[in-house]
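This is the structure I have questions about; it appears just below.
The values are calculated or read from the model by the stated rules, or taken from the named source; none is laboratory data. No experiment lies behind these values; they were computed from the predicted model shown. Every residue, glycine as well, gets a Cβ built from its backbone with ideal geometry; the counts of neighbours run over all protein chains shown. Note: areas computed on protein heavy atoms with side chains; ligands, DNA, RNA excluded. Shrake-Rupley method; radii C 1.70, N 1.55, O 1.52, S 1.80 Å.
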Amino acid sequence: MATLAETIPVPRSEPAISAGKLQVRRLVVAHVWVAIAAFAVACLLGVWQMWARSPLEAPAHTAANYFRSVTMHGVSMAYVLTTFFIMGFGYFTAETALKRPVPGLWLAWGAFWLGIAGVLMAALAIISGNASVLFTFYPPLTATVWFYVGLVLVVVASWVWCLIMIFAMQAWKSANPGQAVPLVMFATVANAVMWLWTTVGVATELLFQVIPAALGLNGMVDVGLSRTLFSWTLHAIVYFWLFPSYIAFYTMFPRAAGGRLYSDTMGRLAFILFIIYSLPVGLHHLLMDPEHSNGFKYLQTFLTALVSVPTLLTIFTITASAEVAGRMRGGTGTFGWIKTLPWGRPMVLATGLAFLMLFWGGGGGLINMSYGMNAMVHNTSWVTAHFHLIFGGTVVIMYFAIAYVMWPTLTGRSFPSMRPLNVQLWLWFIGMMVMTLPWHWTGLQGQWRRIAAFDYSNPLIASWGPWVIVSLIGGIILAVSALLFVWNLVTLHRSSSPRFAVVEVPYAEAVHPPGRLPASLNGFGLWNVIVAVLMLLAYGYPIAQFFIDPPPQAVVHRLH
Amino acid sequence: MAEHPPSDQTPAGAPAEQAAVDRHWRRLALAAVGVAVAVGGLLGFVIIPAGQREHSHLSMDAAMRRAAGLEAGSPAHPQPPAAINSLPVSQVSWDPAIMQRLAAGNTARGAELAGQVCAACHGETGLSVTSAIPSLAGQTSYAIYKQLHDFRTGARVQPDMTAVAQSLAVGDLASIAAYYAAASQQYAALGMRDLSGETEIVRVAWEGDTRRRIPACMSCHTNGVGGPIETPALLGQNREYMAAQLNAYASGARKNDVYGRMRDISRRLTPHEREQLARYFQGTL
Amino acid sequence: MAINEQAILNSELRWAAVVGGIIAVIVSAVLYAAIAMHVNPPSNREYVDPKTLHLSAEFTEANLGTRIDPDGRVVARLIATQFEFVPNCIVLPTNREVTLRFATPDVIHGILVTGTNVNTMVVPGYVAQVHTQFTKTGDLLMPCHEYCGLGHTQMIATVKVVPPEQFRPDAEGRAACGDAR
Amino acid sequence: MSDPAYPVTRHDYAGDAEELERLEAALEGGPKGAVAVSLIAVALLMIGWLGMYFLVFLPRGTVG
């Protein structure tokens, strides 16, 4: 990798403050490549898992290998890909949006290496077979302590990132009093703030329950408490993963489409709603659990219904932004503007495909969260389909699009052709639909999750066989798309095309750029207070009950 | 064109004015969140139990207590009576005192008792003298204690062991179990024996048979795999002993396995499989 | 026509009202199911010690399976343990309120019955309880749906749902699958 | 695919009078298209949800 790319300011904003070199370039590239490496491994394992569950004979198919693979797949996707990508993207936006050097770069590098150490620890633990507990932390089944310590290190690295993001925004605000924080940075910091709240649950569970159990310091564990603490994290973590996608919807898509963001205010409100409503809703993951009462399950179901608000608002705001762009490009009529959108641009295409997948994934989610209705689908392939559509369909496809935006800036080279990029996105979409639609169908018939193989001699299970093979084909398409993604980025690194001297990061402007904003739309003080109150109301008693009337504990079952 | 850029339309201006805008936003946000929680809480803690209690014949108070988790049961259904008595198959209890004792490991008392009472048959280090007597090497203290305790209470019957176990206090059983678990650690090589068997037997041992609902032997019977803590390890165990136990489980002659797990599994195995599994797990040095 | 910022915000607010309407529909449907059909997620804050489960009065081995309780209700008691259900098959009648009670002595399990709404986690420390009415007969699969260890895949039981006239408990009120699986 | 300079598409953001005119014209026409598309999407969503509720969930019987 040769010279640093140069940036020029977006039109109508203050001049760049540094010499124009992107100081975080190496940091971002390092983070994103770690994320992609984990992603590629996880995709290939995923294909093998589908194969193993199908009626076809899969190589090396043993139960031990299957659960090792599922654990690796989940950890790589959910913890490594996401955390490293989000950190890398955050450093990128902090410098390019604020046009200031990111404070504490040495600290960021320290966090990076801490995270790498954690990933290696966890990976070796999984490969050794002593951590085949899947990526969820549900004692009494307890992995080797290296697994948990490794993942704690990844979380600690992300905390460092959060603090750097918050500090960067604060420093910018003091230097620019009265001005609106650029939406992209506001959203990035919103994610950092939310993530700090989110990790309180899992960190408490790991530090006070799971790690002592894995070390043999306690032979018993309060299972209900551990599940409750994990649920604290389990829903909001998905929004942590989703934030970059929404950031791209609001701050990259409208520009890529050739228009403007319809409303900056609604963007800020959506991100704020994510902070406050993604946390006090985790009990909907425990709707089928005996340790919580109907009343609290209902309360959190109700709050979960409200977390659909920011997503539905986003659908409208982004569609309206697309309409503005389409009309600016000559589209007319009620639907004519759709045709005139530049679908050949990866960011535009990815957003369109992401919305289509979000339709299915979000629709499935509305059914999952509906209180007693969850019983119809809980722990069936339906749920697997739901979160693959959300994660793979909305999160990851936008990570692709973001990488395609960042890479020219980072390498100083432009993609010679958009065709391989768009082919890759289409393959991902097709693969995801082919894989997950059969899962919905078999899930409704009761096909359950997390097993290493099906007994196809049973007539009911045999009737699922063809559908499992269809979803295996979807998985293969996804893996091809993943490899093409890697190839696309690699070619840009290796390309001999001349580097351009100036690179502009294409952040969208709003139709009405924000002037002086209310403090609540330009910071997080108020929202932190509200989160604290909401968490107290929604989780206070559900956690306190384990201390008021302690339930019998279970014997720890260690895997080492 | 006058609207672009309309920065003067967003709340702006003097700090005093700004403070009023901020206050407005704060109130609005708190009110919205407050209403959401109040509605959700009212529906969940009051309306639903009120609507459901007719079916369960509960008082409003009891239905609301159930909705809030202050008493067991659903607001919509009567709670079945919990206590119906019948006799347990094993009296072993993993209460914290015993767990602590087992975890405490080797003690002088355990070594002394083992030497006096056990070693003649089971060996100083847990390698037994004949194939009909189980080796204790490689077993966890939980596994050994479970069987000693069952001999003592009569849950498992074998005249020699019953006599031995009944002559010792429960605490001594734990000490002996802890002694053998520690003494046999150097015999980890037991697990390094060569294993060989028919393909189908190896499959049952490592992968089980889903069609017959037989879990793999090794999904429980090896230490550190996360199975029930009292499960004995099989690798290197004596063939004759293992075959006799599997057959005793299958016939129901032995029934101190909690919830009949081994009785069920042994019955699903054919006599040939039981014999061959015992041979397979003994292995060769 | 949405040129000035207020007009844009108004269009967003109108959309927010639509969103509110959607949520109202879902919440109402959920409330209807809860109140008119007694549908709740299975919740039962009833403790049982997993360490002494086999010594407990209710979940001892001889007490498991389907029986008519003294108050005339059909209750099935099952153990979910690594890696099987005890008993491995239960028989239950259609069109009659039945209660399933599960407990585990070891790790977290979960159950569903294929083609029905019967679904619960089985968490050590608690009696997991499902009240339901089966609407169709047949041999339904009841697998463990939460990863519980390497033998998880083999952990499947059968729920034999029979017409009321074929549900014939013995003198003690017990009904078993017999040899059928 | 003749968009080689993407993502450097500065012509989209000329910021000149011509561009603002186009923006204003685009806003004049909206957001009726976005309203239509969004309404269709959530209508399908609700049909799906209610379909699952009435055709699958309720027929499977009570649970609690």
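Mind listing whichever residues of the range A:220-241 are assigned to a helix (DSSP H, G or I), more than 15 Å from A:Trp197 (Cα to Cα) and open to solvent by 10 Å² or more (accessible area, probe 1.4 Å)?
A:Leu225 - this is the single residue of the range A:220-241 that is assigned to a helix (DSSP H, G or I), more than 15 Å from A:Trp197 (Cα to Cα) and open to solvent by 10 Å² or more (accessible area, probe 1.4 Å).
To continue, here is another question. Do we have A:Val505 as under 26 Å from the mean Cα position of the chain (by Cα), of a type in the set (Val, Ile, Thr) and either within 7 Å of chain B (Cβ to nearest Cβ) or open to solvent by less than 60 Å² (accessible area, probe 1.4 Å) (or both) here?
Numbers: under 26 Å from the mean Cα position of the chain (by Cα): yes; of a type in the set (Val, Ile, Thr): yes; either within 7 Å of chain B (Cβ to nearest Cβ) or open to solvent by less than 60 Å² (accessible area, probe 1.4 Å) (or both): yes.
Yes, satisfied.
Then there's this: I'd like to verify a number: residues in the range B:39-62 that are within 10 Å of chain A (Cβ to nearest Cβ) and open to solvent by 10 Å² or more (accessible area, probe 1.4 Å), how many?
As a first pass, look at the range B:39-62 and keep what is within 10 Å of chain A (Cβ to nearest Cβ): B:39-49, B:52.
After this cut, where a residue has to be open to solvent by 10 Å² or more (accessible area, probe 1.4 Å) as well, the list is B:39, B:41-43, B:45-47.
Adding up the residues that qualify gives 7.
Among the residues of the range C:146-166, write down those that are open to solvent by 20 Å² or more (accessible area, probe 1.4 Å) and farther than 14 Å from C:Glu84 by Cα.
C:Lys160, C:Pro163, C:Pro164, C:Glu165, C:Gln166, listed by residue number.
Now for a separate question. Give A:Ser496, A:Ser471 a once-over and let me know the one that is buried (at least 18 other Cβ atoms within 10 Å of the Cβ) and away from every other protein chain (no Cβ under 14 Å).
On the way: A:Ser496 fails: buried (at least 18 other Cβ atoms within 10 Å of the Cβ).
Every option except A:Ser471 fails the conditions.
Which condition number does C:Asp71 fail, the rest of (1) open to solvent by 10 Å² or more (accessible area, probe 1.4 Å); (2) outside any loop (DSSP other than H, G, I, E, B); (3) assigned by TED's automatic domain parsing to the domain that holds C:Glu172 being met?
Unmet condition: (2).
Can you list the helices (runs of 4 or more DSSP H) lying wholly within the range B:170-285 that have 2 or more residues being more than 24 Å from the chain's Cα centre (by Cα)?
Details: elements: B:170-183, B:199-206, B:239-251, B:261-268, B:271-282.
Here the list reads B:170-183, B:199-206, B:239-251, B:271-282.
Right, here's the next one. Can B:Arg65 be described as of a type in the set (Lys, Arg), within 14 Å of chain A (Cβ to nearest Cβ) and open to solvent by 60 Å² or more (accessible area, probe 1.4 Å)?
Numbers: of a type in the set (Lys, Arg): yes; within 14 Å of chain A (Cβ to nearest Cβ): yes; open to solvent by 60 Å² or more (accessible area, probe 1.4 Å): yes.
So B:Arg65 passes the test.
Please go through the range A:21-64 and pick out each residue that is farther than 30 Å from C:Thr153 by Cβ, open to solvent by less than 40 Å² (accessible area, probe 1.4 Å) and either in a helix (DSSP H, G or I) or touching a Lys or Arg at 6+ places or on another chain (Cβ under 7 Å) (or both).
The answer is A:Arg25, A:Leu27, A:Val28, A:Val29, A:Ala30, A:His31, A:Val32, A:Val34, A:Ala35, A:Ile36.
Are any residues in the range B:107-120 over 11 Å from B:Ala174 (Cβ atoms) and open to solvent by 80 Å² or more (accessible area, probe 1.4 Å), and if so, which ones?
Step one: list which residues in the range B:107-120 are over 11 Å from B:Ala174 (Cβ atoms), which gives B:108, B:111-112, B:114-120.
Selection gives B:Ala108, B:Glu112, B:Gln116, B:Ala120.
Then there is this: Cβ-Cβ distance below 6 Å, separation of 6 or more or different chains: which pairs start in the range A:542-560 with a residue that is within 26 Å of A:Ser128 (Cα to Cα) and end on one that is among the polar types (S, T, N, Q) and at pLDDT below 95?
A:Leu559/A:Asn130; A:His560/A:Asn130
Can we say C:Phe59 is modelled with pLDDT of 95 or more and outside any helix (DSSP H, G or I)? Spell out the reasoning first.
Working: modelled with pLDDT of 95 or more: no; outside any helix (DSSP H, G or I): yes.
No; evaluated as a whole, the condition is false for this residue.
Within the range A:91-113, which residues are out of contact with any helix residue (DSSP H, G or I) (no Cβ under 8 Å at 6 or more places or on another chain) and either at pLDDT 95 or above or assigned to a helix (DSSP H, G or I) (or both)? Step through it out loud before you land on a result.
Going residue by residue through the range A:91-113, those that are out of contact with any helix residue (DSSP H, G or I) (no Cβ under 8 Å at 6 or more places or on another chain) are A:95, A:99, A:106, A:113.
Within the range A:91-113, A:Glu95, A:Trp106, A:Trp113 meet the criteria.
Determine which single condition A:Ser417 fails, assuming it passes every other condition in (1) within 10 Å of chain D (Cβ to nearest Cβ); (2) under 27 Å from A:Leu484 (Cα atoms); (3) touching a residue at least 24 places away in the same chain (Cβ under 8 Å).
Here A:Ser417 meets the rest and fails (3).
Within the range A:160-219, can you find the residues that are in contact (Cβ under 8 Å) with a residue 40 or more places away in the chain, in a loop (DSSP other than H, G, I, E, B) and within 17 Å of A:Pro103 (Cα to Cα)?
The one that is in contact (Cβ under 8 Å) with a residue 40 or more places away in the chain, in a loop (DSSP other than H, G, I, E, B) and within 17 Å of A:Pro103 (Cα to Cα): A:Val181.
May I pose another question? Just need a number here: residues in the range A:504-560 that are among the charged types (D, E, K, R) and part of a helix (DSSP H, G or I). Walk me through how you get there before you give the answer.
First, the residues of the range A:504-560 that are among the charged types (D, E, K, R): A:504, A:509, A:516, A:549, A:558.
Imposing the further condition that a residue be part of a helix (DSSP H, G or I) reduces the set to none.
Residues in the range A:504-560 being among the charged types (D, E, K, R) and part of a helix (DSSP H, G or I): 0 in total.
Hey, among the residues in the range A:316-344 that are over 17 Å from A:Ala256 (Cα atoms) and of a type outside the set (Ser, Thr, Tyr), which one's modelled with the lowest pLDDT?
Here is the first cut: in the range A:316-344, the ones over 17 Å from A:Ala256 (Cα atoms) are A:316, A:332-336.
Narrowing the set further to residues that are of a type outside the set (Ser, Thr, Tyr) leaves A:316, A:333, A:335-336.
On the way: A:Phe316: 96, A:Gly333: 89, A:Phe335: 94, A:Gly336: 92.
Looking at residues that are over 17 Å from A:Ala256 (Cα atoms) and of a type outside the set (Ser, Thr, Tyr), I get A:Gly333.
Within the range C:50-76, count every residue that is of a type in the set (D, E, K, R) and either farther than 20 Å from B:Asn256 by Cα or more than 9 Å from chain B (Cβ to nearest Cβ) (or both). Full working, then the answer.
Taking the range C:50-76 and keeping what is of a type in the set (D, E, K, R), we get C:51, C:58, C:61, C:67, C:69, C:71, C:73.
Keeping just the survivors that are either farther than 20 Å from B:Asn256 by Cα or more than 9 Å from chain B (Cβ to nearest Cβ) (or both) gives C:67, C:69, C:71, C:73.
Adding up the residues that qualify gives 4.
Let me ask another. Condition first: open to solvent by less than 30 Å² (accessible area, probe 1.4 Å), within 18 Å of B:Val35 (Cβ to Cβ) and more than 9 Å from every other protein chain (Cβ to nearest Cβ). Now tell me which residues in the range A:518-538 satisfy that.
Scanning the range A:518-538 gives A:Val531, A:Met535.
May I ask you to verify whether B:Pro75 is within 7 Å of chain A (Cβ to nearest Cβ), outside any helix (DSSP H, G or I), under 34 Å from the mean Cα position of the chain (by Cα) and surrounded by 13 or more Cβ atoms within 10 Å (Cβ to Cβ)? Even if it seems obvious, please write down each step before you answer.
Values: within 7 Å of chain A (Cβ to nearest Cβ): yes; outside any helix (DSSP H, G or I): yes; under 34 Å from the mean Cα position of the chain (by Cα): yes; surrounded by 13 or more Cβ atoms within 10 Å (Cβ to Cβ): yes.
Yes: the conditions hold for B:Pro75.
Can you confirm whether A:Leu120 is in a helix (DSSP H, G or I) and in contact with a helix residue (DSSP H, G or I) (Cβ under 8 Å, 6 or more places away or on another chain)?
Values: in a helix (DSSP H, G or I): yes; in contact with a helix residue (DSSP H, G or I) (Cβ under 8 Å, 6 or more places away or on another chain): yes.
Taking the combined requirement at face value, the residue satisfies it.
Residue check, A:Leu489 against (1) open to solvent by less than 50 Å² (accessible area, probe 1.4 Å); (2) not in a helix (DSSP H, G or I), all met but one. Which one?
Just one mismatch for A:Leu489, condition (2).
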